[in-house]
Amino acid sequence: MIRIANGQGFWGDSLEAPVEQVRRGPIDYLTLDYLAEITMSIMQKQRSRDPKAGYARDFVDMIARVLPDLVERRIRVIANAGGVNPAACRDAILEIAKRQGIHVKVATVTGDDIMGRLDDYIARGVALKNMETGEPLSKIRSKVQSANVYFGAFPVAEALGHGAQIVITGRVTDTGLALAPMIHEYGWKLDDWDKLSAGTIAGHSIECGAQSTGGNCQVDWETIPNLADVGYPIIEAEPDGSFVITKHAGTGGRVSVASVKEQLLYEMGDPREYITPDCVADFTTIHLEQCGPDRVRFSGIKGRPATPFYKVSISYSAGYKAIGGLVYAWPDAYKKAKAADRILRQRLDRLGLKFDEIRTEFVGANACHGIAAGEPSPEVEPQLAEVMLRVGVRSSNKEAVTRFTKELAPLALNGPPVVTGFGSGRPSVDEIIAYWPALIPKTEVAPEVSIWQNEN
């Protein structure tokens with residue numbers, strides 16, 4: 001049995017979680033997931049301004065804190081913190097190891113960044129069509145900001161096979177980070193579909209950190225103990241593909257069938273066809289059993305052969321947006337906010353400003369559920385102590401969006417009473433980054449595994 005821990009569910013998750021995973025109990029592997037679709041475009045922008053940027057700096061800071069512990073406890077680390085610049089991330093880690101006088105072997109998994117090859121693909125008929133609309137990438141080629149292939153677990157397992165203590169990747173699937181140690185330790189093959197599917201589901205079960213150990217849990221959430229010290233999830237994996245989800249003893253939170261099920265449903269399409277580069281997992285075959293306090297066993301998982309494609313995450317510029325708000329106080333808070341919205345829209349029309357979309361929310365009345373919430377009842381509306389008018393606009397015309405940002409503040413004195421708050425000041429104008437999902441034949445791209453070590 002091997003213990004595979006998750007210490008990061010997204011870029012911006014708890015800084016302490018990975019440190020706690022290392023120091024509060026036995027684990028063999030620490031996995032850290034930093035990347036989302038939007039993250040890649042952010043990192044690409046960072047790298048365009050600084051060739052040494054484009055990766056998750058939080059990861060480097062964390063390694064600086066725990067590197068001696070990792071070596072002493074023989075814990076191996078797998079992280080997609082490399083973003084669009086795994087080499088720079090690797091160099092930063094090697095420099096830390098050198099300063100601390102610790103010898104460490106670091107691997108990078110690259111080849112996922114195909115930004116520089118898009119024109120060649122299009123010219124050769126690899127259309128990279130949008131999976132949702134069917135449109136070819138050529139339609140928005142000039143606006144593309146990043147393009148990354150989702151690799152699977154096998155190149156990461158290859159890096160572990162070369163003795164890497166820290167594996168830094170670009171865009172590898174979230175599930176692949178945890179599946180890779182099982183492939184490496186147990187010698188699973190490319191066509192071990194049931195085992196690969198089990199490992200994939202294990203990875204999916206922990207990829208969002210504490211979301212599977214009681215965080216963000218709808219079931220009996222008030223009874224979940226000590227979320228201030230919530231434990232992050234750990235896989236106890238067996239060679240036959242069965243596994244247990246648990247957490248370190250003495251930590252807060254709860255691992256139950258209910259908490260695990262909520263995580264299983266996260267980002268779920270067809271539960272019979274959870275498609276990854278490594279396999280197609282069938283979530284309907286999962287058998288769950290509460291096998292002890294904070295222990296849930298998975299078994300019976302089946303899978304099918306992988307497809308001949310990789311998924312590609314492409315981001316592109318899609319105009320500009322601005323979002324701002326005003327807070328109205330009792331009495332008639334909701335009525336005032338609605339009147340202010342009407343007045344604002346009339347003024348924008350008088351100025352001749354056109355937008356692709358204007359969207360209004362009334363926070364405190366119906367913002368969370370939108371149209372499903374309906375209008376507050378006549379009995380409830382007078383009781384609303386405060387309502388925030390939140391308005392957003394979107395347009396390819398940056399000047400129009402900028403002009404909108406200057407029309408909110410005047411409402412404080414030339415609109416309905418009583419404005420008690422003006423958000424955080426005049427709204428900023430932000431570029432909209434849109435997502436373009438596509439498929440590419442696996443024959444068109446290949447992962448590259450490199451091994452490096454520092455010299456002391």
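Condition check ((1) modelled with pLDDT under 95; (2) more than 24 Å from the chain's Cα centre (by Cα); (3) not assigned by TED's automatic domain parsing to the domain that holds residue 28) across all residues:
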residue: 185; (1), (2), (3): no, yes, no
residue: 190; (1), (2), (3): no, yes, no
residue: 201; (1), (2), (3): no, no, no
residue: 210; (1), (2), (3): no, no, no
residue: 217; (1), (2), (3): yes, no, no
residue: 228; (1), (2), (3): no, no, no
residue: 238; (1), (2), (3): no, yes, no
residue: 241; (1), (2), (3): no, yes, no
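Which one is nearest to residue 303 (Cα to Cα) among residues in the range 243-280 that are in a strand (DSSP E or B), more than 21 Å from the chain's Cα centre (by Cα) and of a type outside the set (A, V, I, L, M, F, W, C)?
Among those that are in a strand (DSSP E or B), more than 21 Å from the chain's Cα centre (by Cα) and of a type outside the set (A, V, I, L, M, F, W, C), it is 246.
State whether the residues of the range 204-214 include one that is touching a residue at least 12 places away in the same chain (Cβ under 8 Å) and over 20 Å from residue 20 (Cβ atoms). Before you say what the answer is, go through the steps one by one.
Going through the range 204-214, the residues touching a residue at least 12 places away in the same chain (Cβ under 8 Å) turn out to be 204-214.
Next cut, over 20 Å from residue 20 (Cβ atoms) only: 204.
The answer is yes, given that some residue of the range 204-214 is touching a residue at least 12 places away in the same chain (Cβ under 8 Å) and over 20 Å from residue 20 (Cβ atoms).
Being in contact (Cβ under 8 Å) with a residue 40 or more places away in the chain and either surrounded by fewer than 22 Cβ atoms within 10 Å (Cβ to Cβ) or under 30 Å from residue 231 (Cβ atoms) (or both) is the filter here; which residues of the range 307-319 pass it? Give the steps one after another, and end with the answer.
Residues of the range 307-319 in contact (Cβ under 8 Å) with a residue 40 or more places away in the chain: 308-319.
308, 309, 311, 316, 317, 318, 319 - these are the residues of the range 307-319 that are in contact (Cβ under 8 Å) with a residue 40 or more places away in the chain and either surrounded by fewer than 22 Cβ atoms within 10 Å (Cβ to Cβ) or under 30 Å from residue 231 (Cβ atoms) (or both).
So which residues in the range 118-148 are of a type in the set (Lys, Arg), farther than 14 Å from residue 434 by Cα and either in contact with a helix residue (DSSP H, G or I) (Cβ under 8 Å, 6 or more places away or on another chain) or in contact (Cβ under 8 Å) with a residue 12 or more places away in the chain (or both)?
Residue satisfying the conditions is 129 alone.
Yes or no, residue by residue, for (1) in a strand (DSSP E or B); (2) closer than 30 Å to residue 116 by Cβ; (3) over 25 Å from the mean Cα position of the chain (by Cα):
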position: 312; (1), (2), (3): yes, yes, no
position: 317; (1), (2), (3): yes, yes, no
position: 328; (1), (2), (3): yes, no, yes
position: 345; (1), (2), (3): no, no, yes
position: 349; (1), (2), (3): no, no, yes
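So residue 337 fits all but one of (1) touching a helix residue (DSSP H, G or I) at 6+ places or on another chain (Cβ under 7 Å); (2) crowded, with 18+ Cβ neighbours inside 10 Å; (3) among the hydrophobic types (A, V, I, L, M, F, W, C); what number is the exception?
Among (1) touching a helix residue (DSSP H, G or I) at 6+ places or on another chain (Cβ under 7 Å); (2) crowded, with 18+ Cβ neighbours inside 10 Å; (3) among the hydrophobic types (A, V, I, L, M, F, W, C), the lone unmet condition for residue 337 is (1).
Can you tell me which residues in the range 187-205 are out of contact with any Gly (no Cβ under 7 Å at 6 or more places or on another chain), over 19 Å from residue 151 (Cβ atoms) and crowded, with 24+ Cβ neighbours inside 10 Å?
If the condition is that a residue be out of contact with any Gly (no Cβ under 7 Å at 6 or more places or on another chain), over 19 Å from residue 151 (Cβ atoms) and crowded, with 24+ Cβ neighbours inside 10 Å, then 205 is the only one that fits.
The values are calculated or read from the model by the stated rules, or taken from the named source; none is laboratory data. Everything quoted here is computed from the prediction, not taken from an experiment. Every residue, glycine as well, gets a Cβ built from its backbone with ideal geometry; the counts of neighbours run over all protein chains shown.
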